[in-house]
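What follows is a single structure, written as structure tokens, with notes after it.
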Amino acid sequence: MRPDESWSAVERWLGAPIATPLREAIARHGGGEIGAVRLYAIDELIERNQCYETQVYCPGYLTVGDDGGGRAILVHAALTPPAVFVVGHGSMSEDDFVAVGDDLASWLRAGCPLD
């Protein structure tokens with residue numbers, strides 16, 4: 001599937017548009033690792049988000065990666081707020097979000113720090 005078709009599928013599944021900076025970040029870094037974080041490729045997003053029931057417990061958010069230790073990396077699909085969060089896969093609730101970055105681009109440039 002071409003990237004534009006993949007994004008259309010993700011947006012249909014999510015029921016909302018994906019912010020351009022988020023699309024660009026996933027296109028550039030998805031499928032790879034930065035520090036302890038594995039960022040999902042575009043063709044993994046729907047399956048991973050279904051698996052973790054992100055849309056059920058964190059509407060509007062998208063799981064974009066994980067730390068390999070049981071925590072999801074989430075951002076709001078519209079990047080509003082622009083912050084990057086981690087949350088345990090077993091407690092996918094906004095109440096349990098921990099902000100690890102003020103915005104996606106600077107968090108990626110910093111090497112995806114988790115504390």
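The values are calculated or read from the model by the stated rules, or taken from the named source; none is laboratory data. Keep in mind it's a predicted model, so treat the numbers as computed, not measured. As a convention, Cβ positions derive from the backbone with ideal geometry for all residues, glycine included, and neighbour counts pool all protein chains shown. We work out accessible area using only protein heavy atoms, side chains counted, and drop any ligands, DNA or RNA first. Shrake-Rupley method; radii C 1.70, N 1.55, O 1.52, S 1.80 Å.
List of remarks:
- Percent of Cα pairs in segment 42-115 per distance bin of 10 Å, from zero to the largest separation: 21, 59, 20, 0.
- Residue-by-residue Karplus 3J(HN,Hα) for segment 87-97, coefficients 6.51, -1.76, 1.60, Hz, glycine and proline x: 7, x, 4, x, 9, 5, 9, 4, 4, 9, 4
- Residues in segment 48-62 carry Karplus couplings, in order, of 5, 5, 5, 4, 8, 6, 4, 5, 6, 8, 9, x, x, 9, 10 Hz; the curve used is 6.51 cos²θ - 1.76 cosθ + 1.60 with θ = phi - 60°, and Gly or Pro positions show x.
- Accessible heavy-atom area order of Tyr40, Tyr52, highest first, probe of 1.4 Å: Tyr52, Tyr40
- Accessible heavy-atom area order of Thr63, Thr20, highest first, probe of 1.4 Å: Thr20, Thr63
- Interchain or long-range residues, amide H under 5 Å from Arg71's placed H: His89
- Distant-in-sequence amide H partners of Tyr61 (H built 1.01 Å from N, under 5 Å): Ala77
- Helix-derived mean residue ellipticity, 222 nm - over the chain, DSSP H n ≥ 4, -39500 (n - 2.57), to 500: -9000 deg cm²/dmol
- Gyration tensor (alpha-carbon) shape descriptor, segment 51-92, a/c threshold 1.5: oblate
- Close amide H contacts of Val100 (hydrogens built in the peptide plane, cut-off under 5 Å, sequence separation of 5 or more or a different chain): Val84, Phe85, Val86.
- Those residues of segment 22-53 whose amide nitrogen sits under 19 Å from the label point placed on Glu5, 7 Å along Cα→Cβ: 27, 41-47
- Across segment 12-26, computed HN-Hα scalar couplings (Karplus, 6.51 cos²θ - 1.76 cosθ + 1.60, θ = phi - 60°) run 5, 4, 6, x, 7, x, 9, 4, 4, x, 5, 4, 5, 5, 5 Hz from first to last residue, x flagging Gly and Pro.
- Heavy-atom accessible surface of Glu44, to the nearest 10 Å², is about 40 Å², with a 1.4 Å probe and all protein chains retained.
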